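I am attaching a structure below and will ask some questions about it afterwards.
The values are calculated or read from the model by the stated rules, or taken from the named source; none is laboratory data. All values derive from a computational prediction rather than experimental measurement. Here the Cβ is made from the backbone with ideal geometry for all residues, glycine too, and neighbour counts use every protein chain on show. Side chains are part of the model used for accessible areas, which takes the heavy atoms of the whole protein and leaves out ligands, DNA and RNA. Shrake-Rupley method; radii C 1.70, N 1.55, O 1.52, S 1.80 Å.
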Amino acid sequence: MHELPLVFFTVLGQSAAGLFLLAYIAKKMGSIDDKQLKTANIIGFIIVMIGLGIGALHVGQPLRFFNMLLGVGRSPMSNEAFLSGVFVGCAAATLFFTHFVKQAALRELSNIAAVISGLAFVWSIPQVYNIATIANWDTQFTTLQMWTTLFVGGGALAIAIGARGLGLTAFLVGTFAIFASRASYQAFLSETAPVLSAEQTGFWGFQVIVLAIALAAFVGFAIKQRSPKIPLLACAAAVLLAELSGRIAFYNLWQITM
């Protein structure tokens, strides 16, 4: 658990990117209205800012963040830092043109830019961890779990703000990918780091159990066509906790190959 700032930075950033994406698509599909889209963008901005703020603790001194930008284009970490800033900037611009200087065209462009930069940001994250000297991270499973958080976290948040159909679809896709890949992922880790892998059982177990409960709850709400806000928000919060738990396990796998 020595990389907790990065745990929050990656999980909350990916979930916020997922919310921006799904809410925008849901609005274009007509399944949510302008008010719900505005709510989604506010929540997404708050979540990514919390993640960025906590992630800054990993840097130590805030000004070091700007030093990280010196390697943009050649350093995966610099690319990640740069794209996180672009995503936050586009998200802020979306809110600015929505609530302060109300310009429909600029709001639309900013929202599209936030969606695209959010996806680019999520893409940049696994590039940082596909390191040949760390066998536990240098695998397709690293990339997979970074993207599944976008679907799982973003999907749960989308359901909570009213994009029920699209949000549930995304959540199902992400959850299925996690469940379907877990056995092969742990089989891989049993060869590269059996002791470290065994130590993460509790974190992974918590993640799987919470996701299964949340899945049952979301499907139950969909079948009954009952969607009380507080239980949905509670489920979304629980899903984020589950993803944080899974990400803690990932960072705990850090081990340099000899």
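Quick check: is even one residue across region 194-207 open to solvent by less than 10 Å² (accessible area, probe 1.4 Å) and either within 25 Å of T39 (Cα to Cα) or in contact with a strand residue (DSSP E or B) (Cβ under 9 Å, 6 or more places away or on another chain) (or both)?
No, every residue in region 194-207 fails to be open to solvent by less than 10 Å² (accessible area, probe 1.4 Å) and either within 25 Å of T39 (Cα to Cα) or in contact with a strand residue (DSSP E or B) (Cβ under 9 Å, 6 or more places away or on another chain) (or both).
Let me ask another. Quick one: would you say E108 is acidic (D, E), surrounded by 15 or more Cβ atoms within 10 Å (Cβ to Cβ), outside any loop (DSSP other than H, G, I, E, B) and modelled with pLDDT of 85 or more?
Values: acidic (D, E): yes; surrounded by 15 or more Cβ atoms within 10 Å (Cβ to Cβ): no; outside any loop (DSSP other than H, G, I, E, B): yes; modelled with pLDDT of 85 or more: yes.
It is false that E108 is acidic (D, E), surrounded by 15 or more Cβ atoms within 10 Å (Cβ to Cβ), outside any loop (DSSP other than H, G, I, E, B) and modelled with pLDDT of 85 or more.
I've got another one for you. Can S184 be described as more than 18 Å from I42 (Cβ to Cβ), assigned to a helix (DSSP H, G or I), in contact with a Gly (Cβ under 8 Å, 6 or more places away or on another chain) and of a type in the set (S, T, N, Q)? It would help to see each step written out before you state the result.
Working: more than 18 Å from I42 (Cβ to Cβ): yes; assigned to a helix (DSSP H, G or I): yes; in contact with a Gly (Cβ under 8 Å, 6 or more places away or on another chain): no; of a type in the set (S, T, N, Q): yes.
No; evaluated as a whole, the condition is false for this residue.
Could you tell me whether any residue of region 197-218 is over 25 Å from I131 (Cα atoms), part of a helix (DSSP H, G or I) and touching a residue at least 60 places away in the same chain (Cβ under 8 Å)?
Yes, region 197-218 contains a residue that is over 25 Å from I131 (Cα atoms), part of a helix (DSSP H, G or I) and touching a residue at least 60 places away in the same chain (Cβ under 8 Å).
Moving to a separate point now. Among the residues of region 179-186, are any surrounded by 17 or more Cβ atoms within 10 Å (Cβ to Cβ) and over 30 Å from D138 (Cβ atoms)?
no
If you don't mind, there's one more thing I want to ask. Among the residues of region 168-177, is any of a type in the set (A, V, I, L, M), more than 20 Å from the chain's Cα centre (by Cα) and open to solvent by 10 Å² or more (accessible area, probe 1.4 Å)? Reasoning before the result, please.
So in region 168-177, the residues of a type in the set (A, V, I, L, M) come out as 168, 170, 172-173, 177.
This time we only want the ones that are more than 20 Å from the chain's Cα centre (by Cα), so: none.
Within region 168-177 (the criterion being of a type in the set (A, V, I, L, M), more than 20 Å from the chain's Cα centre (by Cα) and open to solvent by 10 Å² or more (accessible area, probe 1.4 Å)), the answer is no, since none of the residues qualifies.
Restricting to region 124-165, name every residue that is farther than 30 Å from A40 by Cβ and not in a loop (DSSP other than H, G, I, E, B). Write out each step before concluding.
Filtering region 124-165 down to residues farther than 30 Å from A40 by Cβ leaves 130-140.
The one that is farther than 30 Å from A40 by Cβ and not in a loop (DSSP other than H, G, I, E, B): Q140.
Quick one: would you say A113 is part of a helix (DSSP H, G or I), in contact with a Cys (Cβ under 7 Å, 6 or more places away or on another chain), at pLDDT 95 or above and open to solvent by less than 50 Å² (accessible area, probe 1.4 Å)? Steps first, please.
Working: part of a helix (DSSP H, G or I): yes; in contact with a Cys (Cβ under 7 Å, 6 or more places away or on another chain): yes; at pLDDT 95 or above: yes; open to solvent by less than 50 Å² (accessible area, probe 1.4 Å): yes.
Spelling it out, A113 is indeed part of a helix (DSSP H, G or I), in contact with a Cys (Cβ under 7 Å, 6 or more places away or on another chain), at pLDDT 95 or above and open to solvent by less than 50 Å² (accessible area, probe 1.4 Å).
Which one is most open to solvent (accessible area, probe 1.4 Å), of the residues in region 219-258 that are touching a residue at least 40 places away in the same chain (Cβ under 8 Å) and outside any helix (DSSP H, G or I)?
The extreme case among them is W254.
Answer yes if at least one residue in region 154-175 is in contact (Cβ under 8 Å) with a residue 40 or more places away in the chain and under 30 Å from S75 (Cβ atoms), and no otherwise. Reasoning before the result, please.
Start the filter on region 154-175 by keeping residues that are in contact (Cβ under 8 Å) with a residue 40 or more places away in the chain, which leaves 154-168, 170-172, 175.
So of that shortlist, the ones also under 30 Å from S75 (Cβ atoms) come out as 154.
There is at least one residue in region 154-175 that is in contact (Cβ under 8 Å) with a residue 40 or more places away in the chain and under 30 Å from S75 (Cβ atoms).
Restricting attention to region 36-61, report how many residues are at pLDDT below 95 and either aliphatic (A, V, I, L, M) or surrounded by fewer than 21 Cβ atoms within 10 Å (Cβ to Cβ) (or both).
9
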